[in-house]
Amino acid sequence: MSNEANTVASNDDANSRVAYFAGGCFWGLEEYFKKVQGVITTRVGYANSSVVNPSYEQVCSGATGAAETVEVLYNPDFVSLRVLTLLFLDVIDPWSVNRQGNDVGAQYRSGLYLYGSDEQQQEQKDVFRTAIAQLEAREQLSGKECAVEVVPLQNFYAAEDYHQDYLDKNPQGYCHISVQAMLRVPQRQKYIERIWQLSNLSYAVTQNADTERPFANTYDRTFEPGIYVDIVSRKPLFVSSTKFDSGCGWPSFSKPINNDDLVEVADYSLFGRPRIEVRAKDSDIHLGHVFTDGPQDMGGLRYCMNSASLEFIPLEDLEEKGYGDLIELVLQGES
């Protein structure tokens with residue numbers, strides 16, 4: 001390891017760890033990681049440079065071979081390297097070569113850099129490769145290959161003071177990571193592991209607002225007593241007594257258990273057909289849409305949901321699954 005004195009962030013906590021992430025312009029990626037619970041400090045700089053202590057201008061010229069990188073010092077008691085890696089792959093475009101957003105060039109390539117002893121580097125590599133394999137498995141039919149390099153960290157030179165905490169000093173500065181993504185970091189961190197364990201269909205529906213096939217989904221014809229919970233957060237959203245056969249091919253409900261658990265957003269994705277998208281407030285997953293063509297005797301609304309966003313918990317399993325407080329609600333609807 002060359003230039004080790006400039007590689008490790010100063011730290012007195014023996015229980016801390018350091019990791020290095022490159023994912024486009026380091027301004028936004030640093031700001032994103034700073035919002036992760038368990039991150040102690042961050043520092044932006046230039047990784048694997050062929051030039052000692054390069055300047056920003058030199059790196060941007062492409063002459064150094066360096067990648068804009070964020071050094072993350074974290075407490076593994078609060079956040080694991082795997083969670084940091086999942087959050088990183090979640091917020092960048094992992095398929096893009098030498099580019100993130102409007103920033104183009106080898107200095108904006110994506111990388112997960114191995115640091116420390118041979119044993120530490122092997123542990124890091126295992127974490128990185130496992131996450132990337134999961135990512136590629138979701139895209140197996142498209143033939144995409146992850147563009148994130150996993151290589152040893154040869155050196156890391158801290159960037160100029162001007163670039164450290166840049167978005168704190170320049171809130172209106174350009175960033176390829178959206179403000180919405182930054183605001184959702186605590187929420188995303190809480191559920192990222194569950195999100196990555198979703199089936200390909202559930203991931204596509206909940207994360208990319210895809211729609212499952214009508215009449216060929218899990219709960220279209222399910223009318224047994226019980227509740228329907230958010231597949232990610234496990235929060236109860238609908239009760240069986242409000243479910244009805246709308247004939248549309250997807251599970252339909254007249255109302256949620258609690259209106260405050262849902263968020264309604266204007267959706268103009270279909271040309272000439274404005275709709276109201278329904279998302280779960282807690283996990284922010286896409287659930288479906290709400291329409292005003294439901295049964296009038298049930299309130300006139302139709303919450304048209306995707307089965308892939310929900311999990312059905314039968315009445316007889318509510319106590320065992322931790323939903324015993326909803327048994328009476330289910331029974332009231334069945335009486």
Just the residues that are part of a helix (DSSP H, G or I) and exposed (fewer than 12 other Cβ atoms within 10 Å of the Cβ), please, taken from the stretch 133-143. Ala133, Ala137
Restricted to the stretch 222-262, and to residues that are assigned to a strand (DSSP E or B) and among the charged types (D, E, K, R), which residue is least open to solvent (accessible area, probe 1.4 Å)? Asp230
All conditions in (1) of a type outside the set (Lys, Arg); (2) in contact with a helix residue (DSSP H, G or I) (Cβ under 7 Å, 6 or more places away or on another chain); (3) surrounded by fewer than 20 Cβ atoms within 10 Å (Cβ to Cβ) are true of Ser202 except (3)
Selection status of Gly324, farther than 26 Å from Leu201 by Cβ, touching a Ser or Thr at 6+ places or on another chain (Cβ under 7 Å) and open to solvent by less than 40 Å² (accessible area, probe 1.4 Å): no
Taking the criterion of being assigned to a helix (DSSP H, G or I) and of a type in the set (Asp, Glu), would at least one residue in the stretch 31-38 satisfy it? yes
Restricting the stretch 66-94 to residues that are out of contact with any helix residue (DSSP H, G or I) (no Cβ under 9 Å at 6 or more places or on another chain) and in a loop (DSSP other than H, G, I, E, B), the residue that is surrounded by the most Cβ atoms within 10 Å (Cβ to Cβ): Asp93
Name the residues in the stretch 111-132 that are among the aliphatic types (A, V, I, L, M), under 24 Å from Gly65 (Cα atoms) and part of a helix (DSSP H, G or I), would you? Ile132
Those residues of the stretch 91-131 which are among the hydroxyl-bearing types (Ser, Thr, Tyr), free of Cβ contacts under 8 Å to residues at least 24 places away in the same chain and either in contact with a Pro (Cβ under 7 Å, 6 or more places away or on another chain) or within 14 Å of Ala22 (Cα to Cα) (or both) amount to none
Take the stretch 173-193 and flag every residue that is among the charged types (D, E, K, R) and either closer than 13 Å to Asp284 by Cα or open to solvent by less than 20 Å² (accessible area, probe 1.4 Å) (or both). Arg184, Arg188, Lys190
Of the residues Ser269, Ser283, which single one is among the polar types (S, T, N, Q), open to solvent by 20 Å² or more (accessible area, probe 1.4 Å) and assigned to a loop (DSSP other than H, G, I, E, B)? Ser269
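The values are calculated or read from the model by the stated rules, or taken from the named source; none is laboratory data. On a predicted model such as this, the values are computed, not experimentally measured, just so you know. Methodologically, a virtual Cβ is constructed for each residue, glycine included, from the backbone with ideal geometry; neighbour enumeration extends over all protein chains shown. Just so you know, the surface numbers come from the protein's heavy atoms only, side chains and all, with ligands and any DNA or RNA stripped out. Shrake-Rupley method; radii C 1.70, N 1.55, O 1.52, S 1.80 Å.
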